[in-house]
Structures are given as structure tokens and as C-alpha cells.
Amino acid sequence: ALLNTLATSAATDYLTGKDPRDPAVQAHAGLEAYSTAYWWSAVFFAVGLVISVILYRRGVPEQDPDAAPVVHM
């Protein structure tokens, strides 16, 4: 929904001051909308990657030798 809103806003901003009935202008507005949605999705992906790298824990998890055994079913 957010990407759709950003794309629609980009297309609307592109159409401001232009003839919206012109097929070339419509095509360019569509390209602007797709381009904006693509770059914002790339930014969201990159931010998620950075957060994942920051939160990733290296090494083997420490276990308490005195803890009760865990049974997985």
C-alpha cells in the first residue's frame, strides 16, 4: 500500500502542468511511478539488510551446563 501511494504521488506530481490526455505524457507518468516504487522498495530492502546484519549474532549460543534438558517434539 505504501509503495502504491508513493507511485501514485509520483505520477500525479509528474502530470502537474502537463496535458494528461497525451499518450506520451501518460507513458512517462507510468514510468515515473514504476521508477519511484522500484527505488523506494530498494531502499526498504537495504534498510532491512542493514538491520539484519546489525542484529545477527555470530558464534555458537552459550548453554548453561546446569540447566534442565530440553525436549523437542
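The values are calculated or read from the model by the stated rules, or taken from the named source; none is laboratory data. Just so it is clear, the structure is predicted and the values come from calculations on it, not from any experiment. Note: ideal-geometry Cβ built from the backbone for every residue, glycine included; neighbour counts use all protein chains shown.
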Residue check for GLU62: touching a helix residue (DSSP H, G or I) at 6+ places or on another chain (Cβ under 9 Å) and not basic (Lys, Arg): no
Filter pass, VAL47 being in contact with a Lys or Arg (Cβ under 6 Å, 6 or more places away or on another chain) and either surrounded by 12 or more Cβ atoms within 10 Å (Cβ to Cβ) or among the hydrophobic types (A, V, I, L, M, F, W, C) (or both): no
Tabulated pairs, segment 32-52, first closer than 13 Å to THR8 by Cα, second part of a helix (DSSP H, G or I) and not hydrophobic (A, V, I, L, M, F, W, C), C-beta under 6 angstrom, 6+ apart or interchain: GLU32/TYR14
Residue match in segment 52-62 (condition: at pLDDT 95 or above, in contact with an Asp or Glu (Cβ under 7 Å, 6 or more places away or on another chain) and not aliphatic (A, V, I, L, M)): no
Members of segment 6-39 that are in a helix (DSSP H, G or I) and exposed (fewer than 11 other Cβ atoms within 10 Å of the Cβ): PRO23, ALA24, ALA27
